[in-house]
Amino acid sequence: MHELGVLDVNSAYAYMLIGEHHASTSVVTEIGGELVGFITAYILPEKPDTVFVWQVGVAKEGRGRGLATRMLFDILLRDACSNVRYLDTTIGPSNEPSQSLFRSLARRLDTGIEESELFSSDMFGEFESDEPHEPEILFRIGPFDRAAVERASE
Ligand SMILES: CC(C)(COP(=O)(O)OP(=O)(O)OC[C@H]1O[C@@H](n2cnc3c(N)ncnc32)[C@H](O)[C@@H]1OP(=O)(O)O)[C@@H](O)C(=O)NCCC(=O)NCCS
């Protein structure tokens, strides 16, 4: 899974920390030993009713078949998410596939989305010198309850 395009690539250490500390809210999908999809996510420390989805990636050849949606439900159905009523994520304004994914999730859960800017483009400018980084728009999906997750995942 080397050509995800729009996803920021984090350090190996960041991915190892997610695996070490947040495996109960993260997922990988492998087919024949090949990684075809992953989600990194964690419960917000100050908001135990909110799971924050950091990155979702599906290999190009696996897209458009519901894999990202299935991985999101896999996480939401776990015991670690039994108290979760909101899903937060951030999306760049030009990332239509990702916006479609999360709008579709909200529809399936029969709930709303509040949008607000979490990180402006300027804030990334301090860290990245080449291409300007898009702002990251916070999508807060909810409220939903366990029954809605179970119904929507059937
Ligand atoms: C975004 C991404 C994870 C979607 O994965 P996927 O497995 O193809 O998504 P799904 O098949 O579960 O589709 C979910 C919904 O999004 C829609 N969708 C998916 N890709 C789309 C696209 N390119 N354009 C428009 N809609 C799209 C689907 O039609 C579906 O909607 P529906 O439920 O109303 O039918 C994948 O395109 C990807 O890895 N992109 C690159 C990395 C990225 O941008 N990650 C997100 C930011 S962290």
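The values are calculated or read from the model by the stated rules, or taken from the named source; none is laboratory data. Keep in mind that this is a model prediction, so the values were computed, not measured. All Cβ positions, glycine included, derive from the backbone under ideal geometry; neighbour counts span all protein chains shown. These accessible areas exclude ligands, DNA and RNA; they are computed on the full protein's heavy atoms, side chains included. Shrake-Rupley method; radii C 1.70, N 1.55, O 1.52, S 1.80 Å.
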task: Consider ALA41 carefully, then state whether it is closer than 22 Å to PHE139 by Cα and assigned to a strand (DSSP E or B).
output: yes
task: Look at region 75-89 and say how many of its residues are more than 8 Å from the ligand (Cβ to nearest atom), crowded, with 17+ Cβ neighbours inside 10 Å and of a type in the set (Ser, Thr, Tyr).
output: 1
Yes/no for PHE52 being within 12 Å of the ligand (Cβ to nearest atom), open to solvent by less than 60 Å² (accessible area, probe 1.4 Å) and either assigned to a helix (DSSP H, G or I) or of a type in the set (Lys, Arg) (or both): no
- prompt: Does SER11 satisfy the condition of being among the hydroxyl-bearing types (Ser, Thr, Tyr), within 13 Å of the ligand (Cβ to nearest atom) and loosely packed, with under 13 Cβ neighbours inside 10 Å?
  reply: no
field: Failed criterion for ARG70 (all others in (1) open to solvent by 80 Å² or more (accessible area, probe 1.4 Å); (2) modelled with pLDDT of 95 or more; (3) assigned to a helix (DSSP H, G or I); (4) more than 8 Å from the ligand (Cβ to nearest atom) hold)
entry: (4)
- request: Quick one: GLU34 ticks every box in (1) more than 12 Å from the ligand (Cβ to nearest atom); (2) within 18 Å of LEU7 (Cα to Cα); (3) without any contact (Cβ under 8 Å) to a residue 40 or more places away in the chain except a single one, so which number is it?
  value: (2)
task: Kindly establish whether ARG108 is free of Cβ contacts under 8 Å to residues at least 12 places away in the same chain, under 14 Å from GLY142 (Cα atoms) and either surrounded by 18 or more Cβ atoms within 10 Å (Cβ to Cβ) or within 16 Å of the ligand (Cβ to nearest atom) (or both).
output: no
- prompt: Do any residues in region 63-85 that are free of Cβ contacts under 8 Å to residues at least 40 places away in the same chain and within 18 Å of ARG151 (Cβ to Cβ) have Cβ atoms under 7 Å from those of residues that are more than 6 Å from the ligand (Cβ to nearest atom) and open to solvent by less than 30 Å² (accessible area, probe 1.4 Å), where the two are at least six apart or on different chains, and which pairs are they?
  reply: THR69/LEU105; LEU72/ILE39; LEU72/LEU105
- prompt: Residues in region 17-38 that are part of a helix (DSSP H, G or I) and exposed (fewer than 11 other Cβ atoms within 10 Å of the Cβ): how many?
  reply: 1
